[in-house]
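First comes the structure, then the notes that go with it.
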Amino acid sequence: MAVRRAAAAGARAVQVFTAPPTYYNERIGLKPPKVAAAHAALADVGLAPRAVFVHAAYVLNTASPEEEKALRAKTGLAREYERTTALGAYGCCFHPGSAGESAPEDAAVRVGRAIAHALATVPESASGTRVLIENTAGAGRTMGRTPEEIAIMLEQVPRALRHRTGYGLDTCHLFAAGHAIHESAEGLRAVLDRFESVIGEPPAFFHLNDSQHPFGSNKDRHALLGEGGIGVEPFRWLLADRRVDAVPLILETPSERKAVAEDDASADPADARMLALLEELHAR
């Protein structure tokens, strides 16, 4: 139904959870009938499995210095990747988590080793499914606010597995973390250039979200495009950048409907408005 609702809004990619996002889900698999149902829905709306993007559970804290939490998160991430690979999806993104009382450099190493474990645990598929780090808003001791932190994480992945991982950027998180993407097209380009230069590759996806809170707030609260601190124009600048070509651009903006019937395949009105706005910005 997520596929059908997204397609009804005009989307050509869709992000889903493969299990409840508030649990580790380290024992949950994805059985063939569910995969077949998802693929049938995709075929019905004219999308390929690689149009699917998976978001990992929010509770996974691969940066944690607490051994039990870190182990469960590492195992949970591997299972996320296993389910994502079973779908033949583009990739699975995750939040690195919090360093707690530990040094950020040590926390970044733990995140990278969790990625390497997932890649070593799940065989590479023909679909080229990837495990992808998502940048964060930088609240408290959360990791992934800077390109330097993400670079350390990815450096822990063996070279032979490196093509199966990468990172992506959330516009709300960039803005909240103090990266000036809203002041000018040149400023936005400079932020993207820095991430690409430090990490050594461009982003593998973007989350397109405005921010409910002001610049540098470190608060991760999304708003509809043009209704937050970022505004509309920076999204036009972003859509004109070469780095958005051929990678998923995912909206995580608020829904208008508070509830929806399980068999209702219609689009959320807010999603339809946001996609129409992005099409208009891209055409300018």
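The values are calculated or read from the model by the stated rules, or taken from the named source; none is laboratory data. Since we're looking at a predicted model, the values are computed, not measured. So basically every Cβ, Gly included, is an ideal-geometry build from the backbone, and we count neighbours across all protein chains shown.
Annotations for the structure displayed:
Conditions tested, residue by residue: (1) crowded, with 20+ Cβ neighbours inside 10 Å; (2) closer than 28 Å to Ser255 by Cα.
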{"residue": "Ala177", "(1), (2)": "yes, yes"}
{"residue": "Ser184", "(1), (2)": "no, no"}
{"residue": "Arg189", "(1), (2)": "no, no"}
{"residue": "Phe215", "(1), (2)": "no, yes"}
{"residue": "Leu225", "(1), (2)": "yes, yes"}
{"residue": "Gly228", "(1), (2)": "yes, yes"}
{"residue": "Leu239", "(1), (2)": "no, yes"}
{"residue": "Arg242", "(1), (2)": "no, no"}
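- Only listed residue being modelled with pLDDT under 95 and under 30 Å from Ala276 (Cα atoms), chosen from Ala48, Ala2: Ala2
- Against the numbered list (1) over 17 Å from the mean Cα position of the chain (by Cα); (2) buried (at least 22 other Cβ atoms within 10 Å of the Cβ), Thr142 comes up short only at (1).
- If only residues of segment 126-139 that are in a loop (DSSP other than H, G, I, E, B) and of a type in the set (A, V, I, L, M) are counted, the one that is nearest to the chain's Cα centre (by Cα) is Ala137.
- Looking only at segment 66-125, and only at residues there that are among the acidic types (Asp, Glu), assigned to a helix (DSSP H, G or I) and out of contact with any helix residue (DSSP H, G or I) (no Cβ under 7 Å at 6 or more places or on another chain), the one that is surrounded by the most Cβ atoms within 10 Å (Cβ to Cβ): Glu80
- Scan of segment 52-81 for residues that are among the small types (Gly, Ala, Ser) and touching a residue at least 40 places away in the same chain (Cβ under 8 Å), ordered by number: Ala57, Ala63, Ser64, Ala70, Ala73, Gly76, Ala78
- Residues of segment 196-209 satisfying the condition of being touching a residue at least 60 places away in the same chain (Cβ under 8 Å) and within 26 Å of Arg162 (Cβ to Cβ): Ala204, Phe205, His207
- Scoring His163 on the criteria (1) surrounded by 15 or more Cβ atoms within 10 Å (Cβ to Cβ); (2) in contact with a strand residue (DSSP E or B) (Cβ under 9 Å, 6 or more places away or on another chain); (3) not polar (S, T, N, Q) leaves a single failure, condition (1).
- Subset of segment 145-164 (residues that are assigned to a loop (DSSP other than H, G, I, E, B) and either of a type in the set (Val, Ile, Thr) or within 18 Å of Leu119 (Cβ to Cβ) (or both)): Thr146, Gln156, Val157, Pro158
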